[in-house]
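The structure appears below as C-alpha cells.
Values in this text are rule-based calculations from the coordinates and carry no lab data. What you see is a predicted model, and the numbers here were worked out from it, not measured in a lab. Note: ideal-geometry Cβ built from the backbone for every residue, glycine included; neighbour counts use all protein chains shown.
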C-alpha cells in the first residue's frame with residue numbers, strides 16, 4: 001500500500017505561490033529523491049508533508065499509522081544547551097538505552113551516545129540526526145538536504161548509510177538533495193521539482209529528460225553531470241555506468257568524512 | 001519565634017521559592033536567547049504594579065496581567081515589519097516609563113517605586129509567601145510538564161512538528177511561565193533584576209552540566225544558594241537585598257565559569 005500520496009498540492013508562502021499542482025507518491029521501501037534548483041520548493045514540499053506549512057489546495061495523505069522519521073538539514077544547537085547524543089535520541093519521548101544504542105549503531109555512530117552534540121563532526125551529527133529519526137522504526141524517513149554541510153566523500157558515505165538503513169529496516173526514504181551525481185546513484189526514483197513536478201522516473205531517465213537538462217543547464221550542481229551529456233551525446237546510455245565509477249571512488253574516501 | 005527571626009526566615013523562603021521557580025524557565029531563556037525578552041516583560045510589569053495600586057487590586061495580579069499582555073503582544077507582532085528586538089525595546093521601555101509616570105500620580109504615602117524596581121524581600125508577608133510559592137509552583141510545573149516538548153521545539157521547529165509538537169504552543173507555554181515568574185519575583189528582586197535571576201543561575205550551571213536536566217538542577221541549586229547567601233549578606237552588610245542576591249549569583253557564575261576554564265586548561269596540559 002502506498003505510504004505517502006500528495007495530490008495536486010499548492011502552497012503559498014509570503015504571497016508567492018511556491019508549489020502548484022504537485023503530485024507525488026512514495027511506495028514502501030523505495031528511495032525517492034527530489035532535486036530542483038534553489039527556490040523550487042523542495043524543502044517547502046517536505047515541510048508541507050510534515051504539516052509545518054498550510055496547504056492552499058490539494059491533499060497530503062499518509063498511510064494510517066505510518067511513522068515518520070525526520071532528518072533536518074542541520075541542527076543549530078545553541079552552545080549554552082548541554083545535550084548528549086543519547087539524551088537527544090530521547091526527545092521528545094524517552095527511549096530505552098538499548099534502543100538508543102541500536103539506533104546509533106544502525107546510523108553508523110555506535111558508541112557516541114555520551115558525546116555532546118556540539119563536539120560531533122558534521123558527518124557524525126547527520127548520523128546522530130538519522131539515528132533519532134530511526135527511533136520507533138518509522139516506515140518513512142524524510143531527509144531535507146541531509147548532506148548540505150558535508151564534503152563529497154562524507155556525502156557519499158552518508159548516502160551509503162541511507163541505503164544500508166533501508167536494506168536493514170525496509171523503511172522508505174524521501175529526501176531532498178543538491179548533490180545530483182551522488183543522488184542519481186543512490187535513488188530508486190528521482191523527482192525533478194520546480195514549483196511543480198517537471199519530470200520523474202528512474203535516475204537515468206530523469207538525467208536524460210529535456211526538462212531536467214533545461215533546469216540544470218546553468219546550475220553549478222548539475223554542471224558535472226551535464227558536461228558528460230553535452231560533450232558525450234553518443235554515450236548517453238553509458239551514463240549510469242559513469243556513476244558506477246563514481247561510487248567506489250567516493251567509497252574509498254568515505255572514512256575521512258566520518259571523522 | 002522572635003519577630004527578627006521570622007522576617008528573615010520569610011525573606012529566605014521567598015528568595016528560595018523564586019529561585020526554584022526561575023531555574024527551569026531560566027534554562028529555556030538562555031537556550032532560546034530570550035534574555036532580552038525576559039527583561040522586557042519584567043520591566044513592563046511596573047506598569048501593572050502602578051495600575052494595580054491605582055485600582056486597589058493585588059500587585060501580583062496587576063503585574064501578571066501586564067506581563068502577559070506584553071509577552072503576547074510581542075509574540076504576536078514579531079515578524080511583522082519591525083525587528084523583534086526593536087519592537088521589544090519600544091514596548092518594554094514605554095511600559096516602564098508609563099508605569100513610573102503612573103506611579104507618580106498615586107498619593108506618595110501609598111507607594112515607594114523603589115520597592116518595585118529593586119524589590120523589598122525583607123517586607124515579605126505570609127500572604128506574599130503564599131503567592132510566591134503558589135505562583136512559582138505553577139510556573140515551574142508548567143515548564144516541567146512541557147519539558148521534553150519545549151526542548152524539542154527549542155532544537156528546531158520542524159523537528160518538533162515532525163514529532164507532532166506545535167512549536168508555537170510550546171512558546172506560549174514558556175511565555176505564560178515567564179509572566180508568572182515575573183509577577184512572583186517583583187517583590188523579591190524587583191522589576192529591574194528579575195531577568196538576572198533567570199539568566200545568571202542558568203549560565204552558572206552550564207559548565208557543570210552534560211544534559212539539560214542537570215543544568216536545570218544546578219541552576220536551582222545555584223539560585224537557591226544565591227537567595228540564601230544574598231539575604232544573609234544583605235542583613236549583615238545592611239545592603240539592599242534584591243541586588244545583593246543577584247551579586248551573589250554573579251559571584252557564583254564567575255566561580256563556575258572560571259573553574260571550568262581552569263579545568264579545560266589543565267586538560268590541555
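Relative contact order (percent) for chain B, with alpha-carbon contacts under 8 angstrom and 6 or more residues of separation?
Once normalised by length, the contact order is 29 percent.
So for the range A:71-132, averaging the separation of alpha carbon pairs under 8 Å that are six or more residues apart and normalising by length, what relative contact order in percent results?
42 percent
Shielding by partners for B:141-154, please: the mean number of other protein chain Cβ atoms within 10 Å of each residue's Cβ.
For peptide B:141-154, the averaged partner shielding equals 2.
What list do you get for B:132, A:162 if you sort them by fewest beta carbons within 10 Å?
Ascending Cβ contact count within 10 Å gives the list A:162, B:132.
Based solely on its DSSP helices, what 222 nm [θ] is calculated for chain B when runs of n ≥ 4 H residues each add -39,500 (n - 2.57) and the sum is averaged over all residues, nearest 500 deg cm²/dmol?
Calculated mean residue ellipticity at 222 nm is -27000 deg cm²/dmol.
Find how many whole Å separate the alpha carbon centroid of the range A:24-95 from the alpha carbon centroid of the range A:104-144.
After rounding, the separation between the Cα centres reads 14 Å.
So for the protein assembly as shown: antiparallel DSSP bridges make up what percent, rounded to the nearest 5?
The answer is about 50 percent antiparallel.
What per residue convex hull volume, in Å³, comes out for the protein assembly as shown when only alpha-carbon positions are used?
With only Cα atoms used, the protein assembly as shown gives 175 Å³ per residue.
Only Cα pairs within less than 10 Å get springs; with that Gaussian network setup on chain B, which residue of B:128, B:39, B:85 has the largest fluctuation?
Taking springs between Cα atoms under 10 Å, the residue moving most is B:85.
Taking a ≥ b ≥ c as the square roots of the Cα gyration tensor eigenvalues, with a/c under 1.5 meaning rounded and otherwise prolate when a/b beats b/c, else oblate, which class fits chain B?
In terms of gyration-tensor shape, oblate.
Quick one: compute the contact order of the range B:54-189, relative version, from alpha carbon pairs under 8 angstrom and 6+ residues apart, as a percent.
So the answer I get is 38 percent.
Subtract the Cα-Cα distance of residue B:102 and residue B:239 from 0.36 nm times their separation in residues, and report this length gain in nm to one decimal.
This chain segment gains 46.5 nm when fully extended.
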